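J.: Supplied in structure tokens, the structure appears directly below.
The values are calculated or read from the model by the stated rules, or taken from the named source; none is laboratory data. Quantities reported herein were computed from a predicted structural model and do not represent experimental measurements. Using ideal geometry, Cβ is built from the backbone for each residue, glycine included, and neighbour counts are taken over all protein chains shown. To get the accessible areas, we keep the full protein, side chains included, count just its heavy atoms, and leave off ligands, DNA and RNA. Shrake-Rupley method; radii C 1.70, N 1.55, O 1.52, S 1.80 Å.
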2 protein chains.
Amino acid sequence: MTEIEKTLEAHQVRPTAMRILIYKYMAEKEVAVALTDIESAFSKSDRSTLYRTLKTFEENGIAHQIDDGTGISKYALCESGCNCELDQDLHLHFHCSNCDETVCLTAHKIPHINLPYGYLAENANLVVKGICEKCSSE
Amino acid sequence: MTEIEKTLEAHQVRPTAMRILIYKYMAEKEVAVALTDIESAFSKSDRSTLYRTLKTFEENGIAHQIDDGTGISKYALCESGCNCELDQDLHLHFHCSNCDETVCLTAHKIPHINLPYGYLAENANLVVKGICEKCSSE
DNA sequence: AGAATAAATGCACTTCTGTTGCATTAAAAA
DNA sequence: TTTTTAATGCAACAGAAGTGCATTTATTCT
């Protein structure tokens, strides 16, 4: 049994061939992936299967959905210690306006925000936009 | 000439009847509005007109678009001193998971974030989700 | 004022993303 | 092996965003 299969089973997700492939794809890409990215990479499979795979990953804490402000949902694998299941993983995301790629900056947590009286914070999403390391060095 | 007309003209936007109405509508609502909200409020007008009005407001620094993570674009009027035209107005937004309303917390600016080497920040978007003042007091 | 010009509006339609119902296939349990 | 459950593929729908074009309204110029 491979590492990936173990990871999936540890999250109560049955390691089907498709799921293993998608997991591998996401692990190799170092940026967040959109459904359409996976679609073009796995043209033999159906969009709904890929969609449901992402949802399954999300529900089981294998990946988290990222809203980077482009209007397109992207997904990235959770790293160990990611608390996104509890809606409490407050790392920030960086979206490059040049290459349109989005990365997790897991080391950078969202700072605590003092809200006005009466407001209760449950979760937060911080997306910094600009030029990523790859694009700025060209 | 009314205040609203003056405001529109100050931003190089011709104060048509429709635009004045939409501006008034947004000013009265204290929360960010979606295109569909305006649609139901002005059923006599066409969606594309309303859509283009919002875009015009946005392009001319009268309103700014808000991505609150619901997947639906919302808009709010800029306050005086809003720098959203320069993509540099870093106030945060609060989205209530109970009433689904989104408000600008203009007094709360996004704290400065130290990015890894090579990353250049141009803009940032911070949305805090939770329970708003109105809903928490019920 | 009237003609010419430019902008705003309304209509119809398209595209894209996300989403779901249902039949079929594959896998796990009994 | 049979029964049961889960995953997949197909087809379709929903909602938001966006666009081309004709028409109307407003502005400018003579």
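J.: Look through region A:118-138, keep the residues that are out of contact with any strand residue (DSSP E or B) (no Cβ under 6 Å at 6 or more places or on another chain) and more than 7 Å from chain B (Cβ to nearest Cβ), and return whichever of them is least open to solvent (accessible area, probe 1.4 Å).
T.: Within region A:118-138, the match that is least open to solvent (accessible area, probe 1.4 Å) is A:K134.
J.: Of the residues that sit in region B:2-14 and are in contact (Cβ under 8 Å) with a residue 12 or more places away in the chain and more than 9 Å from DNA strand C (Cβ to nearest atom), which one is nearest to the other protein chains (Cβ to nearest Cβ)? Even if it seems obvious, please write down each step before you answer.
T.: Taking region B:2-14 as the starting set, the residues that turn out to be in contact (Cβ under 8 Å) with a residue 12 or more places away in the chain are B:2, B:4-5, B:7-8, B:11-13.
Still in the list and also more than 9 Å from DNA strand C (Cβ to nearest atom): B:2, B:4-5, B:7-8, B:11.
Numbers: B:T2: 31, B:I4: 28, B:E5: 32, B:T7: 26, B:L8: 27, B:H11: 24 Å.
Filtering first and then ranking leaves B:H11.
J.: Could you tell me which residue of region A:41-75 is farthest from A:F94 (Cα to Cα), considering only residues that are open to solvent by less than 30 Å² (accessible area, probe 1.4 Å), touching a Phe, Trp or Tyr at 6+ places or on another chain (Cβ under 8 Å) and outside any helix (DSSP H, G or I)?
T.: Within region A:41-75, the match that is farthest from A:F94 (Cα to Cα) is A:I62.
J.: Within region A:1-37, how many residues are of a type in the set (A, V, I, L, M) and over 13 Å from the mean Cα position of the chain (by Cα)?
T.: Of the residues in region A:1-37, 9 are of a type in the set (A, V, I, L, M) and over 13 Å from the mean Cα position of the chain (by Cα).
J.: State all residues of region A:12-40 that are surrounded by fewer than 16 Cβ atoms within 10 Å (Cβ to Cβ), within 12 Å of DNA strand D (Cβ to nearest atom) and part of a loop (DSSP other than H, G, I, E, B); if no residue qualifies, say none.
T.: Selection gives A:Q12, A:R14, A:T16.
J.: Out of the residues in region A:84-115 that are touching a His at 6+ places or on another chain (Cβ under 8 Å) and more than 23 Å from A:A63 (Cα to Cα), state the one that is modelled with the highest pLDDT.
T.: Of the residues in region A:84-115, the ones touching a His at 6+ places or on another chain (Cβ under 8 Å) are A:84, A:89, A:91-92, A:101-110, A:113-115.
Filter once more, so that each one left must be more than 23 Å from A:A63 (Cα to Cα): A:113-115.
Details: A:I113: 88, A:N114: 90, A:L115: 95.
The qualifying residue modelled with the highest pLDDT is A:L115.
J.: Name the residue, out of A:T7, A:T49, A:T2, that is within 10 Å of DNA strand D (Cβ to nearest atom) and at negative phi. Write out each step before concluding.
T.: On the way: A:T7 fails: within 10 Å of DNA strand D (Cβ to nearest atom); A:T2 fails: within 10 Å of DNA strand D (Cβ to nearest atom).
After applying the criteria, what remains is A:T49.
J.: What number of residues in region A:16-36 are without any contact (Cβ under 8 Å) to a residue 24 or more places away in the chain and either within 12 Å of DNA strand C (Cβ to nearest atom) or of a type in the set (V, I, T) (or both)?
T.: Quick first cut of region A:16-36, residues without any contact (Cβ under 8 Å) to a residue 24 or more places away in the chain only: A:16-17, A:20-21, A:24-25, A:28-29.
Checking which are either within 12 Å of DNA strand C (Cβ to nearest atom) or of a type in the set (V, I, T) (or both) leaves us with A:16-17, A:20.
Number of matching residues: 3.
J.: Which numbered condition in (1) within 16 Å of DNA strand D (Cβ to nearest atom); (2) touching a Leu at 6+ places or on another chain (Cβ under 9 Å); (3) in contact (Cβ under 8 Å) with a residue 40 or more places away in the chain is the only one that B:Q65 fails?
T.: Answer for B:Q65: the failing condition is (3).
J.: Then there's this: Hey, among the residues in region B:73-83 that are among the hydrophobic types (A, V, I, L, M, F, W, C) and at pLDDT 95 or above, which one's farthest from A:V127 (Cα to Cα)? Walk me through it before giving the result.
T.: Filtering region B:73-83 down to residues among the hydrophobic types (A, V, I, L, M, F, W, C) leaves B:76-78, B:82.
Imposing the further condition that a residue be at pLDDT 95 or above reduces the set to B:76-77.
Working: B:A76: 19, B:L77: 22 Å.
Of everything passing the filter in region B:73-83, B:L77 is farthest from A:V127 (Cα to Cα).
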